[in-house]
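As structure tokens, the structure follows; a few thoughts come after it.
The values are calculated or read from the model by the stated rules, or taken from the named source; none is laboratory data. Predicted model only: the values in this text are computed from it and were never measured. Methodologically, a virtual Cβ is constructed for each residue, glycine included, from the backbone with ideal geometry; neighbour enumeration extends over all protein chains shown. Only protein heavy atoms, including side chains, enter the accessible area calculation; ligands, DNA and RNA are left aside. Shrake-Rupley method; radii C 1.70, N 1.55, O 1.52, S 1.80 Å.
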Amino acid sequence: MSIVVDAIRPFWISGLNNISGNITKSLPGWFCDEEFQVYEPLQPNLFAVNVDEDRSLLAAFAFDCSRMAIASFESISGINRNSAFPKSTAWLFINSYYAAFFAAHAILRMCGVSCSQIGAQQALSVHKIAILFGTTNGCSIAQGFYKCVYDNSAKKLICTKFPTSAGGVHESFWTEFYNRIRKMSNDILSTNALSTKIQQVSIQLSDLCDNLCYAHCNNGSWLSFIRNEINYQHRHATWYPYKNYKSYYDQLYNDRWSWELDPMTINLRFQKERELQRFQATCNFIISLCRVLVNDMAQRCSDGKSFHYYGSLAFLNLLAKGKRYNYSTNGDENVL
């Protein structure tokens, strides 16, 4: 087992690991059930809801965690090299980006942070309950992209709308992810700074944060910046005619399965001119971190069969079977 799971496990949202069974309802669906209280006055871009019993809320976090992990693993495992255009790498990087984006969402949900859209139905449900408690404060809940943080001790979900000045949804999310991981790196070190293993984990997470803020992206959105350059501006010689194609790009296709390795073995430090190698390794690290955390959480369910076995782990098991089949029939370990 990777040493990183022992370091991050204390940051899990309490009780999430004991959610079992095949969960089917997301956080937006949970809001619409209206099984909460609104004790604090509403604000246009901020509201808090309380619960007496939090299992259904934890189940919603579990569902969203699982679906994001599935999307991550499916995105990264579906990458194949185009034999007709071996220098074509655009979709390698775009798919890797989305796989990392989904994995990062799953990781934050394990830690009690859900970055989610609050739509008209959810806003209406919150306002409806606030009317019952006399806490509308003359406000209506604004629709948009929110950071929803669950406080276990208070049984309170605090939802704050991301400011429009923070950029788009992706940029806002990566800033939140970066801030959480940076704090986690520091907190891990402060708990047991004398432990060599703890130091290694803290350094690896710090290297991740450095990459998220690489170049001029001080808000943690460097992966999104590179994805945009490739996807919309067709830069980095990733599309035909592949002008200024760099020889190290060939290795990146071979490295696309490194997300199956221990995340602590993935190198996150590269020379300045190897920008896309840094990008790919950073994506693979985030996906790998998600994978080992999913496995660890699934093994620590004391109340039935973990929800992970019905979602992301079910997908990984199917992936493993498919790879064994392809190995045995084609002899090509890069088939999936």
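Data table
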read-out	value
Verdict on Leu293 being farther than 17 Å from Asn211 by Cα, touching a residue at least 40 places away in the same chain (Cβ under 8 Å) and under 16 Å from the mean Cα position of the chain (by Cα)	yes
Candidates Leu124, Leu108, filtered to the one that is without any contact (Cβ under 8 Å) to a residue 60 or more places away in the chain, assigned to a helix (DSSP H, G or I) and either over 23 Å from Trp259 (Cβ atoms) or not basic (Lys, Arg) (or both)	Leu124
Search result, residues across the stretch 219-268 that are within 26 Å of Thr175 (Cα to Cα), hydroxyl-bearing (Ser, Thr, Tyr) and open to solvent by 30 Å² or more (accessible area, probe 1.4 Å)	Tyr232, Thr265
Where Leu92 falls short, out of the listed (1) in contact with a Gly (Cβ under 7 Å, 6 or more places away or on another chain); (2) crowded, with 21+ Cβ neighbours inside 10 Å	(1)
Gln204 of a type outside the set (A, V, I, L, M), touching a helix residue (DSSP H, G or I) at 6+ places or on another chain (Cβ under 9 Å), touching a residue at least 60 places away in the same chain (Cβ under 8 Å) and farther than 28 Å from Phe85 by Cβ	yes
Neighbours by Cβ (under 7 Å, 6+ apart or cross-chain): first from the stretch 211-237, on the phi > 0 side of the Ramachandran plot; second crowded, with 21+ Cβ neighbours inside 10 Å and among the polar types (S, T, N, Q)	Gly220/Thr175
Any hit, the stretch 168-182, residues being more than 30 Å from Arg55 (Cβ to Cβ) and surrounded by fewer than 16 Cβ atoms within 10 Å (Cβ to Cβ)	yes
